[in-house]
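Before any comments, here is the structure.
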Amino acid sequence: MCYTFPAVKPLLIFACAAALVAIGPLQFNSASQASKGKAQHSDKPPEPPPSFVDRAEPPKPETYSAEVTGEGKPKPVRITELPPNDRWYKAYVITTMILVGVGIVGVVMAYRTLKAIERQGRAMMNSERAWVVVTISKTSLPRMWGATDPWLKLRPVLTNHGKTTARIIRVVARWEAIRQDKPGIPAQLPTTPAYADDASIWKLEISLILPPNAPGQPMTVWIPARDLQRAKAGVHSLYVHGFVEYRDTVKDELHRTRFCYIWWEDPPGFTIAGITPPAYLEAT
């Protein structure tokens with residue numbers, strides 16, 4: 001897409017050809033040459049020179065006074081006829097228009113080239129930066145803790161799928177149990193996720209270095225065992241969602257990855273929640 005001379009060469013050749021067509025063949029004034037030849041071979045004697053004696057009558061007093069009084073006034077200039085547009089002028093105009101068109105094409109091509117370079121640079125930086133993804137495997141079933149009021153401990157996994165190191169600075173997760181209207185049909189989450197401080201929220205601000213392709217488990221989600229039993233019975237829909245904030249080492253920009261999982265019985269375990277509002281699944 002670069003703007004090179006071979007791309008403009010045909011336009012310059014076309015401009016020169018148009019200029020030559022507009023000029024046309026050169027023509028000489030044969031009438032002036034003929035009159036010159038006749039003047040050289042004429043046998044008539046030359047006319048006597050005009051007399052230097054000015055015999056004009058002196059101007060009348062009225063006329064002279066009028067000329068004297070109007071001498072200091074500016075006289076209007078009137079253009080009764082424009083100069084003729086000869087072939088050289090037409091060739092100049094045509095060539096100028098063609099060169100202007102060539103310049104506009106060059107500017108457009110240069111602009112497109114710069115945009116393409118910018119897109120390539122952005123894509124290269126995105127491929128080199130860190131990309132952190134949160135996963136909950138179906139085989140990672142919650143572990144039971146406590147006897148009287150048991151809780152389940154869940155450990156989501158953070159994995160850096162980029163090519164550079166990520167620095168984790170904040171992780172937030174929560175569980176949410178919503179009653180189903182119809183058995184077997186998952187209940188819908190609210191349009192906007194809420195992470196207010198209550199028993200279902202788990203928050204942590206850290207500074208964890210996560211190398212590429214190296215998993216980490218800095219977050220823990222505690223789920224009541226009774227909610228899991230209701231989800232297995234098809235009464236409630238049990239969700240685990242949240243987000244992780246991190247910085248990349250390419251431009252030190254802040255990024256956020258959201259995640260949302262739902263308990264599913266066939267086979268048993270947490271799987272990615274497919275039918276959720278867009279605010280629960282985001283990656284920047």
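The values are calculated or read from the model by the stated rules, or taken from the named source; none is laboratory data. Note that the coordinates shown come from a computational prediction; the quantities given were computed from them, not determined experimentally. Neighbour counts run over all protein chains shown; Cβ positions are idealised from the backbone, glycine included.
Can you find a residue in segment 206-216 that is without any contact (Cβ under 8 Å) to a residue 40 or more places away in the chain, in a strand (DSSP E or B) and touching a Lys or Arg at 6+ places or on another chain (Cβ under 9 Å)? Checked against the condition, which is being without any contact (Cβ under 8 Å) to a residue 40 or more places away in the chain, in a strand (DSSP E or B) and touching a Lys or Arg at 6+ places or on another chain (Cβ under 9 Å), segment 206-216 yields at least one hit. Residue check: is His161 surrounded by fewer than 20 Cβ atoms within 10 Å (Cβ to Cβ) and within 21 Å of Ile136 (Cβ to Cβ)? Yes.
Does any residue of segment 114-127 turn out to be at pLDDT 90 or above and within 35 Å of the chain's Cα centre (by Cα)?
The answer is no; no qualifying residue exists.
The single residue among Ala279, Ala225, Ala273, Ala231 that is surrounded by 13 or more Cβ atoms within 10 Å (Cβ to Cβ), among the small types (Gly, Ala, Ser) and in contact with a helix residue (DSSP H, G or I) (Cβ under 9 Å, 6 or more places away or on another chain) turns out to be Ala273. For segment 165-192, give me each residue that is in a loop (DSSP other than H, G, I, E, B) and touching a helix residue (DSSP H, G or I) at 6+ places or on another chain (Cβ under 6 Å). Correct list: Thr192 only.
The residue that is farthest from the chain's Cα centre (by Cα), among those in segment 234-254 that are surrounded by 15 or more Cβ atoms within 10 Å (Cβ to Cβ) and small (Gly, Ala, Ser), is Ser237. Here Thr276 does not fit the description of being within 16 Å of Thr135 (Cα to Cα), assigned by TED's automatic domain parsing to the domain that holds Ser200 and among the polar types (S, T, N, Q).
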